[in-house]
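Have a look at the structure below, then the notes.
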Protein chains: 4
Amino acid sequence: MKALVYHGPGKKSWDDVADPVILDGTDAIVRVEATTICGTDLHILKGDVPAVTDGRILGHEAVGTVVSVGDGVRRVAVGDRVLVSCITSCGTCQYCRDGHAGQCLGGGGWILGHKIDGTQAELVRVPFADLSTYPIPAGVSDEAVLMLADILPTGYEVGVLNGHVRPGDVVAVVGAGPIGLSAIIGSRLYSPTTVIAIDLADSRLEAAKSFGADVTVNNARENPVEVVMALTGGFGADVAIEAVGTPATFELATRLIRPGGHVANIGVHGSPATLHLEDLWIRNVTITTGLVDASSTPTLLRLIGSGQLDAARLVTHHFALDEMERAYDVFGDAANSGALKVMISAG
Amino acid sequence: MKALVYHGPGKKSWDDVADPVILDGTDAIVRVEATTICGTDLHILKGDVPAVTDGRILGHEAVGTVVSVGDGVRRVAVGDRVLVSCITSCGTCQYCRDGHAGQCLGGGGWILGHKIDGTQAELVRVPFADLSTYPIPAGVSDEAVLMLADILPTGYEVGVLNGHVRPGDVVAVVGAGPIGLSAIIGSRLYSPTTVIAIDLADSRLEAAKSFGADVTVNNARENPVEVVMALTGGFGADVAIEAVGTPATFELATRLIRPGGHVANIGVHGSPATLHLEDLWIRNVTITTGLVDASSTPTLLRLIGSGQLDAARLVTHHFALDEMERAYDVFGDAANSGALKVMISAG
Amino acid sequence: MKALVYHGPGKKSWDDVADPVILDGTDAIVRVEATTICGTDLHILKGDVPAVTDGRILGHEAVGTVVSVGDGVRRVAVGDRVLVSCITSCGTCQYCRDGHAGQCLGGGGWILGHKIDGTQAELVRVPFADLSTYPIPAGVSDEAVLMLADILPTGYEVGVLNGHVRPGDVVAVVGAGPIGLSAIIGSRLYSPTTVIAIDLADSRLEAAKSFGADVTVNNARENPVEVVMALTGGFGADVAIEAVGTPATFELATRLIRPGGHVANIGVHGSPATLHLEDLWIRNVTITTGLVDASSTPTLLRLIGSGQLDAARLVTHHFALDEMERAYDVFGDAANSGALKVMISAG
Amino acid sequence: MKALVYHGPGKKSWDDVADPVILDGTDAIVRVEATTICGTDLHILKGDVPAVTDGRILGHEAVGTVVSVGDGVRRVAVGDRVLVSCITSCGTCQYCRDGHAGQCLGGGGWILGHKIDGTQAELVRVPFADLSTYPIPAGVSDEAVLMLADILPTGYEVGVLNGHVRPGDVVAVVGAGPIGLSAIIGSRLYSPTTVIAIDLADSRLEAAKSFGADVTVNNARENPVEVVMALTGGFGADVAIEAVGTPATFELATRLIRPGGHVANIGVHGSPATLHLEDLWIRNVTITTGLVDASSTPTLLRLIGSGQLDAARLVTHHFALDEMERAYDVFGDAANSGALKVMISAG
């Protein structure tokens, strides 16, 4: 089959590789009908994720059809159309039993396109298929469902749920890329009064507005602390969601928050940040970090089915599977292409 | 009356001052029968708390008897023996209504010995007396109750409750001074399996053992990360409580924690710490800070009454009121004196 | 002044009575600009609430302007336009400090139009004015704000919050009168997938649809258990909210619920219900009861200000203050008049 | 092998039966070293549980050694000593993924000695062995571990956790049989101030005292409502735990509770109870029911290992495996034998 293969920092190609086979009784093989590219894939290509080695097929998001299953698979059958989640779950370790599959100790967690071959291919082997795939209800678009493979549950669980967004809240989202937009979409499910999106790019702030931000702040031109304090009578936001992954944006998030508020970090960080405990020690703040567990996937799938989650619109560009490298170019050049998420579809 | 008066950094004296008077209908005047000194008072004397100005009577902890009340006071009467809490509460601002009097916007919070005159005196004016004092049940010692003015609710609320200590947990407490010991005492109410105390002083670690630590680590000689990892199969503690207030101890707390664990900061910090988001972003950690709200005071008072809180033993030294300056010397030289908390009693 | 006075079961009149005066330093006198009638007032008139005695002015909901305040009032001033909540709060008892003013032990709770004179009058004395009134933001209609005096926080706190409505849930609301409609409006803040309204009157079910119900069931014609089970694959609703107050409707709510679900009782009950523990003991259900605490009032006021709560539309009929008795007739004959809530306004 | 076989209401015998065999890849066969009898087994023998049919081997609690495993079993190996829990878990249905294996939809839940053959035998087949057995740490007695198969997690999860027992609480436990005693033992982990045990038998009340009850009430002679109200200043208990399973004891639990309190039902009920909503509607009570999920088993096992759970003392009588019928006689005649739990051990 064809697949997008990583060949060390800066190098990837659309290669002929062997088809995946069932290695374990709980595996399924899925024919990929749609996949996408994540910001994390760009990090991998830069060499930032050393666990990914030469020869690895990238990608951890897909919609497809099951073509074979191991003899221990019970809930997924050949022919089923499924969502392949970025998180696989062994189902038996203490973290999985507590609902935290992102921290799986039994061989799951984020492994696709990372520790094992991924979804940017014609076929993918999915371990623990019963717990790592979800049947797709009739009547929902592939675009919408594909956003549930990673980005929407990440924004919802790590941003909205960890941040405890509640009706009437003021929510500040630092970063209006795809993850920040997902956090905005997810926040809306809890009826905050004001969602404030902060970014350096006007185009992203326009997108933020269209996905539900009430106020936008371009922090190339405006001071977001001043804007948030002005909107909240000097208190600060109830919740600040960090969706970039730099020390500066994290520190900004901690300055936007009211006493008693929550800072929910979603961003993938490569270096330490400064935590201003000399100010924060007395302010009753809660700071959370986390990898998605995908525990919200069934709920979000239901909300897509009911039309309550405006997810499909995150897909701005479409490609055929054999245009994979071009899809990378467009997604990697988001500043010019305006790409949010790209969908790469088979035939 | 006589009172311990701050006269700028490094200067204090036991002065004759005017008796306090009722300034507001919700005030009470309390004759101090027992007071104590807090680590924060030492910070003030170093000049670290600029809000405290020349002429301020220090102290925010007391047991005493009400000698007069304003006409808006309803639940406290002249002659009542009361605990004076370090936190006063206006009772009407949104923070007080939400149970967070430490963040009071209506003139309360930590004000005694800070923004108004405090308890290291023969008499003290207590604002919002209905909400800021607690009647003392018969049969409990002043030593025990005095520990409820600040140190026990601080360890319990900001350490144990914020850290979500649960039965069966492994709890690491960084710092075994009075606040760390309070966190250990409070943790025991939730039946953790293992409490690990970490400090540089063997005498404090001995005290920690006597208050309920199962394991002690002198981090002048041992690596606490290695000890905690060895005790937890390489996972880390469920809860790490920071009870010192330095960048190094905070960073240590964040390295002791398992994925999904809680870091509860109690320490008063004067400078920023480094937050290793490059490790922590993916580990589902929760970090909390906070000032005590004293919302647990009625519960802790009940537990003292029932003999379930071993609080009186925190008092290692006793002084008469006119030995206040000597009490400061002994408390300030804890390394040599072995002082945990000192009690200064009237006649 | 003029006021609607209760004169024993079945008797009320629009009488000349003495103006209220400040009795306590924390009182305010409010000139009533708009009030309304609650189902509870009809219960009182039937004689169901013996605590209400001959001579009592009825009513526990109002919007008005402060005309005088006691000397202990700090946050409310003469001339302020305020919402008068059905719940007054002493602010100092343990229930008030825990956020449960509905259970106030210090002379508050539901007292207006019950234990003291109420709001269906030209003037009303409001005890504990700082905690029992809320300033009205500019730009919101009296109709909308008046719904916050009782009915919306009741539906929200006792129905939606106690029932733990979450995104993606199926919520069954038994009873589509004003309280049931409030629960539907409040549920929508949490983005349930499906809200099912159940009632005997088609007109109320039509109203339920207009306020956000997705499915309606007339249980004069249809079996609500069958409908809910068909919609949920045989599981039952995540949340069932009882908004009537009869044994039959409560028992229905307990039969609609899935294992692990919540039954939130709002209804005022006059007789016991049968609890089918022979079925429920094994099903992990949670059943809650409660009187409103009005702790959500500031949040709901913010949501009205932002246009996110569709409250004003609950007011179906308007009257002048001296048409009070006619307003009672129309409200009491809802089956024919179609009244949901009536607003009675001064000049 | 030999096994205790049910032959219809009132009939059981110690029969020769075929050894169990692996039926599914996730099964394990366990050689039973110790088992016990549950009150539920007596219910089954009375014919109260029609799902149990003639020929069924009874018992759902065991300690033993694994003698064979299916090819899908990963965490349990031949030779392992394990606890066999009363709850088996498929690990993939939504209830299992949410931590509620008691409500398993995938073929688990309470099935041993109910829908499939059980543990009162020389060998038992355990489905979903990875999720339904727990390795036994060295140094803990079989008596203690055997109590984790059902009774301790039931008292802890359905009584203590559902009832939200907290430090300083007053907890009333209605019924001091083995389940009530387990709830008392479990409550102690949360440091309530006062645990009140209520029963008709003085011998059980003596046992309650020895397991941690502070106050005992024989409701053949005393009025428990009066005792609880006298102890709580007329308020009622914070938590009432029902551990009998009759309408009268449930109704008693609801009368013991303070406004805002929790009633946690553990009892297995065969008939409806009366719920006095005419009193309770206004009192903010929470009532929970539930079957154990065994989600607390790892925690409780740790607490047994650390010596913090006084579980072994629940075993009052020991028998050999071929004395099974005599063990039933002694357990069934608890009033005279004083039996709490009996342990039946192989060779």
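The values are calculated or read from the model by the stated rules, or taken from the named source; none is laboratory data. Only a predicted model underlies this, so the values are computations on that prediction, with no experimental measurement involved. No Cβ is skipped: glycine too gets one built from the backbone with ideal geometry, and neighbour counts run over all protein chains shown. Keep in mind that these areas ignore ligands, DNA and RNA; they rest on the heavy atoms of the full protein, side chains included. Shrake-Rupley method; radii C 1.70, N 1.55, O 1.52, S 1.80 Å.
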Return a yes/no flag: does region D:38-45 have any residue that is at pLDDT 95 or above, polar (S, T, N, Q) and either open to solvent by less than 50 Å² (accessible area, probe 1.4 Å) or touching a Leu at 6+ places or on another chain (Cβ under 7 Å) (or both). no
How about region D:58-108: which of its residues are within 20 Å of the chain's Cα centre (by Cα) and among the charged types (D, E, K, R)? D:GLU61
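Residue by residue, here is whether (1) open to solvent by 10 Å² or more (accessible area, probe 1.4 Å); (2) more than 10 Å from every other protein chain (Cβ to nearest Cβ) holds:
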| residue | (1), (2) |
| --- | --- |
| A:ASN219 | yes, yes |
| A:MET229 | yes, yes |
| A:ASP238 | yes, yes |
| A:LEU256 | no, yes |
| A:GLY261 | no, yes |
| A:VAL268 | yes, no |
| A:ASN284 | yes, no |
| A:ASP293 | yes, no |
| A:LEU300 | no, no |
Considering only residues that are part of a strand (DSSP E or B) and not hydrophobic (A, V, I, L, M, F, W, C), which ones fall in region B:8-20? B:LYS12, B:SER13, B:ASP15, B:ASP16
Among residues of region D:21-52 being small (Gly, Ala, Ser) and part of a strand (DSSP E or B), the residue nearest to D:ASP142 (Cα to Cα) is D:ALA34
If we keep only residues of region B:307-316 that are open to solvent by 50 Å² or more (accessible area, probe 1.4 Å) and of a type outside the set (Asp, Glu), then the residue farthest from the other protein chains (Cβ to nearest Cβ) is B:THR316
Identity of the residue in region D:196-215, surrounded by fewer than 23 Cβ atoms within 10 Å (Cβ to Cβ) and within 17 Å of B:SER306 (Cα to Cα), that ends up nearest to the other protein chains (Cβ to nearest Cβ): D:ASP214
May I ask you to verify whether B:ILE44 is under 13 Å from B:ARG125 (Cα atoms) and assigned by TED's automatic domain parsing to the domain that holds B:GLY91? no
Tell me which of these C:VAL82 doesn't satisfy, since it passes every other one: (1) of a type in the set (Val, Ile, Thr); (2) in a loop (DSSP other than H, G, I, E, B); (3) under 18 Å from C:THR133 (Cα atoms). (2)
Unique match (being in the same structural domain as C:GLY118 (by TED's automatic domain parsing) and more than 21 Å from C:LYS115 (Cβ to Cβ)) among C:ALA34, C:ALA28, C:ALA51: C:ALA34
Please verify whether C:PHE331 is more than 14 Å from every other protein chain (Cβ to nearest Cβ), among the aromatic types (Phe, Trp, Tyr) and in contact with an Asp or Glu (Cβ under 9 Å, 6 or more places away or on another chain), treating the condition exactly as stated. yes
Would you call B:THR254 over 29 Å from A:CYS96 (Cα atoms) and of a type in the set (Ser, Thr, Tyr)? no
Going by what's in this entry, would D:LEU340 be described as away from chain C (no Cβ under 14 Å), open to solvent by less than 10 Å² (accessible area, probe 1.4 Å) and at pLDDT 95 or above? no
Is at least one residue of region C:172-183 within 12 Å of chain A (Cβ to nearest Cβ) and surrounded by fewer than 24 Cβ atoms within 10 Å (Cβ to Cβ)? no
Is it fair to say D:GLU242 is of a type in the set (Asp, Glu) and surrounded by fewer than 22 Cβ atoms within 10 Å (Cβ to Cβ)? no
I'd like to check something: does region B:118-130 contain any residue that is free of Cβ contacts under 8 Å to residues at least 40 places away in the same chain and surrounded by fewer than 23 Cβ atoms within 10 Å (Cβ to Cβ)? no
Cβ contacts < 7 Å: first residue outside any loop (DSSP other than H, G, I, E, B), restricted to region C:201-215; second residue at pLDDT below 95 and open to solvent by less than 60 Å² (accessible area, probe 1.4 Å), any location; separation 6+ or different chain. Result? C:SER203/C:GLY338
Here are A:GLY168, A:GLY212, A:GLY155: which of them is closer than 24 Å to A:GLU251 by Cα and small (Gly, Ala, Ser)? A:GLY155
Just for region A:86-99: of the residues that are within 11 Å of chain D (Cβ to nearest Cβ) and in a loop (DSSP other than H, G, I, E, B), which one is most open to solvent (accessible area, probe 1.4 Å)? A:ASP98
Based on this model, can you work out whether C:LEU105 counts as within 14 Å of chain A (Cβ to nearest Cβ) and in contact with a helix residue (DSSP H, G or I) (Cβ under 8 Å, 6 or more places away or on another chain)? no
Within region B:1-23, restricting to residues that are open to solvent by 50 Å² or more (accessible area, probe 1.4 Å) and among the acidic types (Asp, Glu), the one that is farthest from B:VAL330 (Cα to Cα) is B:ASP19
Since C:THR193 meets every condition but one in (1) modelled with pLDDT under 95; (2) within 14 Å of chain A (Cβ to nearest Cβ), which condition does it not meet? (1)
Out of all the residues in region A:131-158, which are within 14 Å of chain C (Cβ to nearest Cβ) and touching a strand residue (DSSP E or B) at 6+ places or on another chain (Cβ under 9 Å)? A:TYR134, A:PRO135, A:LEU148, A:GLY155
Here is a check on your reading of the model: is B:THR289 open to solvent by less than 20 Å² (accessible area, probe 1.4 Å), farther than 20 Å from B:VAL225 by Cα and at the interface with another protein chain (Cβ under 10 Å from one of its Cβ atoms)? yes
Residues of region B:62-85 classified as open to solvent by less than 40 Å² (accessible area, probe 1.4 Å) and either in contact with a helix residue (DSSP H, G or I) (Cβ under 6 Å, 6 or more places away or on another chain) or not assigned by TED's automatic domain parsing to the domain that holds B:ARG31 (or both), total: 5
